[in-house]
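What follows is a single structure, written as structure tokens, with notes after it.
The values are calculated or read from the model by the stated rules, or taken from the named source; none is laboratory data. As the structure is a prediction and not an experimental result, all values here were calculated from the model. Using ideal geometry, Cβ is built from the backbone for each residue, glycine included, and neighbour counts are taken over all protein chains shown. Heavy atoms of the whole protein, side chains included, go into the accessibility calculation; ligands, DNA and RNA do not. Shrake-Rupley method; radii C 1.70, N 1.55, O 1.52, S 1.80 Å.
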Amino acid sequence: MQKPPPAVFPIFRSRITCAVLTCAYIGDQEHSVGDLAAIAGTDSGTMAREVAKLEQAGVLSTRHVGRTKLVTANRSAPFYGPLRDLVTITLGPAQVLAEELVGVGGMETALVFGSWAARMRGEPGPSPVDIDLLVIGRPDRDDLHDATERARSRLGRQVNTVVISRARWEAGEDGFIRELRRRPQVMVPISGGGTE
């Protein structure tokens, strides 16, 4: 029988925990339990139990608006700052990039590939030292550079950006594109971005 993780600070226990922490600790938005469940790909009951555990441990704060339970990071916890930094650096590249890429025109799709995407999709390996970003479209290169520099500063890691056209992505004729399509990817939720 597998022993449960220590209850003193129950974080990074599952993909559901990772999704909750990413939503709560990156950005300043409150999220409903239902929204968190949708983001994590689980049901509301499972998410409500996860939120309750993290709230009991002091990691999250909640409040009710009518029948809706809203969830946010517990900013009064003594570990708030270090945990926010840890969550941002380890779990947050896609969300940080989404925030920083706001206003960069000409992007159709953005995704993270490489070692960070592989770790997020469950492949074992060493901690990533950089973030690999693929942008499909015709973004303004100066705006894109400025956005990725801001992301680099927040993440404490180099952001390596590759820009390709939609036609090149869809053709998939060169080895780089074929290999990239075979490997793990994490979509960056950009406003107006397409999907594969």
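Conditions tested, residue by residue: (1) within 30 Å of Glu100 (Cα to Cα); (2) modelled with pLDDT under 95; (3) surrounded by 13 or more Cβ atoms within 10 Å (Cβ to Cβ); (4) within 16 Å of the chain's Cα centre (by Cα).
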position: Met1; (1), (2), (3), (4): no, yes, no, no
position: Pro4; (1), (2), (3), (4): no, yes, no, no
position: Phe9; (1), (2), (3), (4): no, yes, yes, no
position: Ala52; (1), (2), (3), (4): no, no, yes, no
position: Ala73; (1), (2), (3), (4): yes, no, yes, yes
position: Leu83; (1), (2), (3), (4): yes, yes, yes, yes
position: Val87; (1), (2), (3), (4): yes, yes, yes, yes
Next item on the list: Scan segment 73-97 and report the pairs whose first residue is closer than 15 Å to Arg150 by Cβ and whose second residue is among the aliphatic types (A, V, I, L, M) and in a helix (DSSP H, G or I), with Cβ atoms within less than 7 Å and a gap of 6+ or a chain change.
Entry: Thr88/Val96; Thr88/Leu155; Ile89/Leu155; Pro93/Leu155; Val96/Ala151; Val96/Leu155; Leu97/Ala151
Notebook entry, point to check: Counting only residues that are at positive phi and either open to solvent by 40 Å² or more (accessible area, probe 1.4 Å) or not in a strand (DSSP E or B) (or both), how many does segment 125-170 have?
Noted result: 2
Notebook entry, point to check: Is at least one residue of segment 94-111 open to solvent by less than 60 Å² (accessible area, probe 1.4 Å), among the β-branched types (Val, Ile, Thr) and either touching a Lys or Arg at 6+ places or on another chain (Cβ under 7 Å) or more than 22 Å from Arg181 (Cβ to Cβ) (or both)?
Noted result: yes
Notebook entry, point to check: How do the pairs read when you match residues in segment 122-144 that are without any contact (Cβ under 8 Å) to a residue 24 or more places away in the chain with residues anywhere that are open to solvent by less than 60 Å² (accessible area, probe 1.4 Å) and hydrophobic (A, V, I, L, M, F, W, C), using Cβ under 6 Å and keeping only pairs 6 or more apart or on different chains?
Noted result: none
